1. For Ser133, Ser155, write out the residues from largest to smallest accessible area, computed with a 1.4 angstrom probe and no ligands counted.
2. Using a 1.4 Å probe over the heavy atoms of the protein chains, calculate the carbon and sulfur portion of the accessible area of segment 1-49 as a whole percent.
3. For a Förster distance of 22 Å, can you work out the FRET efficiency between the beta-carbons of Arg79 and Val5, rounded to the nearest 0.05?
4. Counting only heavy atoms of protein chains, what accessible area per residue, in Å², does segment 1-115 have with a probe of 1.4 Å?
5. In nm, to one decimal, how far is the modelled label at Leu160 from the one at Ala69, with both set 7 Å along Cα→Cβ?
6. Principal axes first, then extents: for the Cα atoms of segment 77-187, list largest minus smallest coordinate on each axis, whole Å, largest first.
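The values are calculated or read from the model by the stated rules, or taken from the named source; none is laboratory data. What you see is a predicted model; the values in this text were computed from it and never measured. Backbone-built Cβ (ideal geometry, glycine too); neighbour counts: all protein chains shown. With ligands, DNA and RNA removed, areas are computed over all heavy atoms of the protein, side chains included. Shrake-Rupley method; radii C 1.70, N 1.55, O 1.52, S 1.80 Å.
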Amino acid sequence: MRQNVGSVTSWCRAAHPLPVLAVTGVTALLAVAWGHGAVGVLLLTAAVLTGQLSVGWLNDLVDLERDRAAGRDDKPLARGELTRAAVGRATAVAGGVSVVLTALTGWPAAAAHLLALGSAWAYDLGGKSRAWSPACYAVSFGLLPAFVVLALPGSPTPPLWLVAGGALLGCAAHFLNVLPDLADDAAAGVRGLPQRLGAARSRADGPHLLDRGALPGARPAGRGGYP
């Protein structure tokens, strides 16, 4: 009997498409802004895209039983549209491809992106239930622009304002992203920092962190240039 492998729509929904597209799009824009050529932009974007797919699929894989218990009809894996084994294989393949592509950017950039990916995977694997959950977002989002800059010829040092801005924006995304799921998270025992603070505090802290993350700073002076 031919096993149902799921539709393209199911796979896209299971990957958390909005975060995947947002992070990948920001990477492409940063790569262009910091002077990467077409090949560099494609390489960085592909490395981040495959990494983000692995993060999204791993998230639904780890949360499968919680999503089933909560009756999450928006989750293809919980609905049975995808199998656990298939999502597990896809996660491993996407993660492996991302590691290989990342290695092609040179070791300083690769180290930054692998740390960012490791932090995102750590969030999926239990960090989301810890009081230090924002740290995972801060590390991953802070190292994303560092990855782009370090991949330039000569691996120049990323400016502090760029890394700090990314980290703050990542924390803001964490607080705002969990707001729709606070009730389900509470029922499932997920106790990250936003869940511990509650909806009102998280709703207030998210925009505040967004404002802080919009750090002023000069744009790159040119191809590979610096403020």
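1. Values: Ser133 0, Ser155 45 Å².
If we order Ser133, Ser155 from most to least accessible, we get Ser155, Ser133.
2. Numbers: 2160 of 2800 Å².
That fraction is 77 percent.
3. Values: r = 15 Å, r/R0 = 0.67.
It comes to 0.90.
4. Values: 5770 Å² over 115 residues.
Result: 50 Å² per residue.
5. Each label point is offset 7 Å from its Cα along the Cβ direction, giving 4.5 nm.
6. Its Cα atoms span 48, 30, 18 Å along the three principal axes.
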